[in-house]
Amino acid sequence: MVRRTHVLAAGVAVVASAVVAVGTGLGFAETAPARQSVCQGSVTFSAEGGGPAATSDRFPVGTRLRVTNLDNGRAVTVVVTGPSGSCVLLNAAAMDLVREPGKNVVRRNVVERLDGGGTPAQPGGAPAQPGGASAQPGAQPGAQPGGATAAPPARPSACQGSVTFSAEGGAPAATSDRFPVGTRLRVTNLDNGRAVTVAVTGPSGSCVLLNAAAMELVREPGKNVVRRNVVEVLR
C-alpha cells in the first residue's frame, strides 16, 4: 500500500508538470517580454491610416519595434516610417491590435527594438516636420491660457514632430518625457492658430502629450494629431 501511494503521487507530479509545460506552450503563461523597454511612459496613437506602423522621435526610419500591452498580452510589430513627438507613436491600425476596448492609451507596456540597434538617440533627435516651427506671416503675438485663438509664436519649438493626446480627463494639462512636473508649456496648432497653455502633471513617452481637454482646444475637427505645431516653455 505504501509503495502504491508513492507511485501514484509521483504519477500526479509528472502529469502536473506536463500540464504546466503544455499551458506555457499554448500561451497561458505570462506573455510580457523579458527584455527591458526602450521607451518609458504610456504609448498612444495618431490618426494615420494604412497598415500597422509607427513614428518616433528617437529611432530612425526603418527601425522595427515590438510593442506589447502588459494588461492583455497583445503585441504588434511595426516599422518606424517617420518622425513624431513620441518615443513610439502607433498609427490607428497598430493601436487597434494592442489596445483594450475603448482605451486610447497603453499605460503598461514594453517596447522592444528588434533590429539589434544600439542605444536610441536622445529625445528630439528626429528632424522637425516641414513648417513645424515656422511662424505664419502677419501673426499677432500672445496666445491666451486655456485655448484662446492666437497666432503662432515666433520662438523655436521645444519639441519636434506631431503632438497627440491621451484619454486623461480633467482640466487642460499635459505629460512629458523631458519636462519636469510643473513646467508650463504653450502648444500652438499652426494650421488654425489655436493655442493652449498647460502644466506638466507627470511623465509620458512623448515630449508633450496633451490630455483630452487640452487637445479639444487646439485640434481641428476629427483630427487626433497636430502635425504642424510649436511648443514653447513658458518661464
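Values computed for the structure shown
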| item | result |
| --- | --- |
| Residue under evaluation THR5, criteria (1) modelled with pLDDT under 90; (2) assigned to a loop (DSSP other than H, G, I, E, B), criterion not met | (2) |
| Count of residues meeting criterion [over 12 Å from VAL43 (Cβ atoms), assigned to a loop (DSSP other than H, G, I, E, B) and not β-branched (Val, Ile, Thr)] in the range 57-73 | 7 |
| Criterion (buried (at least 17 other Cβ atoms within 10 Å of the Cβ) and at pLDDT 90 or above) met by exactly one of VAL76, VAL61 | VAL76 |
| Residues located in the range 213-235, provided they are assigned to a helix (DSSP H, G or I) and under 17 Å from the mean Cα position of the chain (by Cα) | ALA214, MET215 |
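The values are calculated or read from the model by the stated rules, or taken from the named source; none is laboratory data. What you see is a predicted model; the values in this text were computed from it and never measured. Glycine gets a Cβ as well: all are built from the backbone with ideal geometry, and neighbour counts include every protein chain shown.
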